[in-house]
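As structure tokens, the structure follows; a few thoughts come after it.
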Amino acid sequence: VFRYPTPTLAAEAGYAIAGDRFAILLGPEVGEGVIARLWNAAAAETAVLEDVLSVLVAGGIHDLPDFAVAEFPDTATDPVRVAVRGGAIVETSTRTRVSGADARTWIETALAGAVGIRLVLGTGRTGGDLLPLGLGVTRADELSWGRPFPAGREPEADVTSAAEGEEPPGTAAPVTVAPPTVAT
């Protein structure tokens, strides 16, 4: 189940996209046409992380928004692949944090062993309780999936400052990660 906090000012919040294989969080400056193309790319049966990233760079590499993208694996033994840019952060239940703050383009890595993942823009949590989100799009600055994160527990490892396509230091070895399931 995906969850998000209600933003204080929805019109100024980013966009959260919850899909079968992807969790995507984007800055508020992204147009709705791009959001629709991202949804279509992520919903494709054969979609991979590169397909989603190609939609983001279609407007030019210099106009990239802040974003966090998580691609959930097809098998439980594969890691979650993530890409993060700008003020976006990805945190896992295994206490790993990936920040896009120092990236010229984005940070891309694989995270293993997580049973929960949290995508955040800026400072994150701007609203109250976390609301459930099925498959779809909403205005939010945070999107999480899987086991809830304990309050006040900060991630230990910080994976940052890697060039696009390089393996950042601190990347975990692949272990079991269960992909999200959707009740029908």
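Before we move on, is GLU50 under 16 Å from ALA88 (Cα atoms), open to solvent by 10 Å² or more (accessible area, probe 1.4 Å) and without any contact (Cβ under 8 Å) to a residue 60 or more places away in the chain? Here the answer is no, as GLU50 does not meet what is asked.
Quick one: which of VAL55, VAL34, VAL69, VAL30 is open to solvent by less than 60 Å² (accessible area, probe 1.4 Å), farther than 19 Å from ARG118 by Cα and either among the polar types (S, T, N, Q) or outside any helix (DSSP H, G or I) (or both)? Only one candidate passes the filter, namely VAL30. Report yes if VAL52 is modelled with pLDDT under 95 and aliphatic (A, V, I, L, M), otherwise no. Taking the combined requirement at face value, the residue does not satisfy it. Screening ASP20 against (1) more than 19 Å from VAL115 (Cα to Cα); (2) part of a loop (DSSP other than H, G, I, E, B); (3) under 14 Å from the mean Cα position of the chain (by Cα) leaves a single unmet condition, (1). Residues in the range 37-47 that are open to solvent by 60 Å² or more (accessible area, probe 1.4 Å) and either part of a helix (DSSP H, G or I) or in contact with a Gly (Cβ under 6 Å, 6 or more places away or on another chain) (or both): ARG37, TRP39, ASN40, ALA43. Counting residues in the range 81-93 that are over 21 Å from PRO132 (Cβ atoms), open to solvent by less than 20 Å² (accessible area, probe 1.4 Å), part of a strand (DSSP E or B) and not β-branched (Val, Ile, Thr) gives one or more. Output the residues belonging to the range 94-123 that are hydroxyl-bearing (Ser, Thr, Tyr) and either assigned to a strand (DSSP E or B) or within 26 Å of THR8 (Cβ to Cβ) (or both). Selection gives THR96, SER99, THR109, THR123. Give the residue that is nearest to VAL69 (Cα to Cα), with candidates limited to residues of the range 93-108 that are more than 12 Å from the chain's Cα centre (by Cα) and among the polar types (S, T, N, Q). Of everything passing the filter in the range 93-108, THR105 is nearest to VAL69 (Cα to Cα).
The values are calculated or read from the model by the stated rules, or taken from the named source; none is laboratory data. It should be emphasised that the depicted structure is a prediction, and the values quoted were computed from it without experimental measurement. Ideal geometry is used to build each Cβ from the backbone, glycine not excepted, and the neighbour counts take in all protein chains shown. Side chains are part of the model used for accessible areas, which takes the heavy atoms of the whole protein and leaves out ligands, DNA and RNA. Shrake-Rupley method; radii C 1.70, N 1.55, O 1.52, S 1.80 Å.
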